Amino acid sequence: MPTQTPEIQSVDDVIEMIRPAVRAQHEYVVGAPDGIEVKLNQNESPFDLPEELKTELAGAFAQVDFNRYPDEQPYRLRERIAEYDGVDPEAIIVGNGSNEITYTFGMAFMDPGTPVVLPTPMFSLYEKVARLHEADLTRVGPREDLSFDTEAIIDAVKQTGARVTIVTSPNNPTGKAMPLADIERIVDAAPGMVVVDEAYVEFNPEGTAVDLLDDHPNVIILRTLSKGFGLAGLRVGYLIGHPRVVREMMKSRLPFMVDRFAEQAALAILNRPDLLSERVEALTASVQQLTSAMEEMNGVEVVPSAANFVLFTTPLSSADLQDRLADQGVLIRDMSGYPELEGYIRVSAGTEAENKAFLGALDNAL
């Protein structure tokens, strides 16, 4: 006889059917109050594409057959990225932003109970993915200056037998970069995969860990075109790994994740290296401008940054400061959601005018 199943009486009964690991999470919502004129809360590039490039892309996109799917992988873009990074095209997965690829490697490498090591504080999506897969998570706190505690990470990797270890360098939300020699030490110690998130690599004086791939098939590198390239609105990111590992990972991901317009825009900016260099140089100078100006303000303490944002504290509570600046039309980010960053605020590097508006609002608030 068929098994008797409980009758669904209400929406609560349906909610109970959702996996507990999902129900325990929170939506990723940033939000913004009305009246914001200067938006410096999401580490975006302040530079849109030049108008002539937008016009060129619009003309090219008008020729696309909208009724046809894009390629499963954007092959032209993959070839161009491979050329840009000096790797085999077969070593690359291009995705709908690096966030989407984060879910892909979670699907490939994490099961319930999988040991995962995360230095903290770190971009919250990584912990969310680990918890959604019910991994056994070990968090490793930073040193007093918020830099990575490499020795503690290595100890955790060895003690847990970590199948996945994640390092973001430069780190969001601190702006701290890990020396390449320390990344290699972690890779050498790790019995599993080491994911190196290089979302802010264009600003990193340490450079890239791509060369580790030659001798370490357990390394995966994540990149995005949202930060230095300024394509946050088009969602293009990619993964670099050993070609055989990449082929297996491709089995776990959805097809058609990169649309034709995003591919065309990514190709266009990759083919203009001077534009990228100019923008990275401007943003690096913008970070220096913000840092120097805030260091001269009484009571403001700034964390040195190797990214396109600056983390700092003031005598005010972070929530109070965020509200005071929002009232003046400037949006920044309260970072107190991270236990290690109680009282900290993060501001993205903007244009000269945006930085001036932020510094003026900060001075008024203090």
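Dipole of the chain, Cα-centred, from +1 at each Lys and Arg C-beta and -1 at each Asp and Glu C-beta, to the nearest 20 debye? Mind showing how you got there, number by number?
Working: 30 positive and 58 negative charges, 155 e Å.
Magnitude of the dipole: close to 740 debye.
Provide the three semi-axes, in whole Å and in decreasing order, of the ellipsoid equivalent to segment 67-272 as defined by the square roots of 5 times the Cα gyration tensor eigenvalues. Working shown, then result.
On the way: eigenvalues 150, 69, 47 Å².
Sorted largest first and rounded, they come to 27, 19, 15 Å.
Expressed in nm to one decimal, what extension gain is obtained for the pair ASP323 and GLN288 from 0.36 nm per residue of sequence separation less their Cα-Cα distance?
On the way: separation 35, 0.36 × 35 = 12.60 nm, distance 2.49 nm.
Length difference between fully extended and current span is 10.1 nm.
Take the residue pairs LYS54/LYS176; LYS128/LYS176; LYS176/LYS356; LYS227/LYS356; LYS39/LYS176 and return only those whose Cα atoms are more than 31 Å apart. Could you put the intermediate results ahead of the total?
Numbers: LYS54/LYS176 34 Å; LYS128/LYS176 22 Å; LYS176/LYS356 24 Å; LYS227/LYS356 21 Å; LYS39/LYS176 23 Å.
Correct reply: LYS54/LYS176.
Rounded to the nearest 20 Debye, what is the dipole magnitude of segment 67-272 about its Cα centre when Lys and Arg each give +1 and Asp and Glu each give -1 at the C-beta?
Numbers: 21 positive and 30 negative charges, 156 e Å.
About 760 debye.
Farthest toward the dipole's positive end in the chain, which of MET250, THR291, ILE345, given Cβ charges of +1 (Lys, Arg) and -1 (Asp, Glu) about the Cα centre?
Value computed over the given set: MET250.
On full extension of the chain, what length is gained from GLN9 through GLN63, given 0.36 nm per residue of separation minus the C-alpha to C-alpha distance? Walk me through the numbers on the way to the answer.
Values: separation 54, 0.36 × 54 = 19.44 nm, distance 5.17 nm.
The span from GLN9 to GLN63 would gain 14.3 nm if fully extended.
Rounded to two decimals, what is the ratio between the C-alpha radius of gyration of the chain and 2.2 N^0.38 Å?
Cα Rg divided by the expected 2.2 N^0.38 Å: 1.05.
Tabulate in residue order the Karplus-calculated ³J(HN,Hα) for segment 292-304, using 6.51 cos²θ - 1.76 cosθ + 1.60 with θ = phi - 60°, rounded to whole Hz; enter x for Gly and Pro.
4, 5, 6, 5, 8, 8, 4, x, 8, 10, 10, 8, x
Tell me the label-point distance for the pair GLN42, GLU100, using the 7 Å Cα-to-Cβ offset, in nm and rounded to one decimal.
The two pseudo-label positions are separated by 1.7 nm.
Which three numbers, in whole Å and largest first, are the semi-axes of the equivalent ellipsoid of segment 40-125 derived from its Cα gyration tensor as √(5λ)?
Values: eigenvalues 195, 82, 41 Å².
After scaling each eigenvalue by five and taking roots: 31, 20, 14 Å.
Remind me, relative contact order of the chain in percent, using alpha carbon pairs under 8 angstrom and six or more residues apart?
Details: 634 pairs, mean separation 78.3, N = 366.
Answer for the chain is 21 percent.
Values in this text are rule-based calculations from the coordinates and carry no lab data. Treat the numbers as computed from the prediction; the structure is a model and nothing was measured. Heads up, the Cβs are rebuilt from the backbone with ideal geometry, glycines too, and the neighbour counts pull from every protein chain shown.
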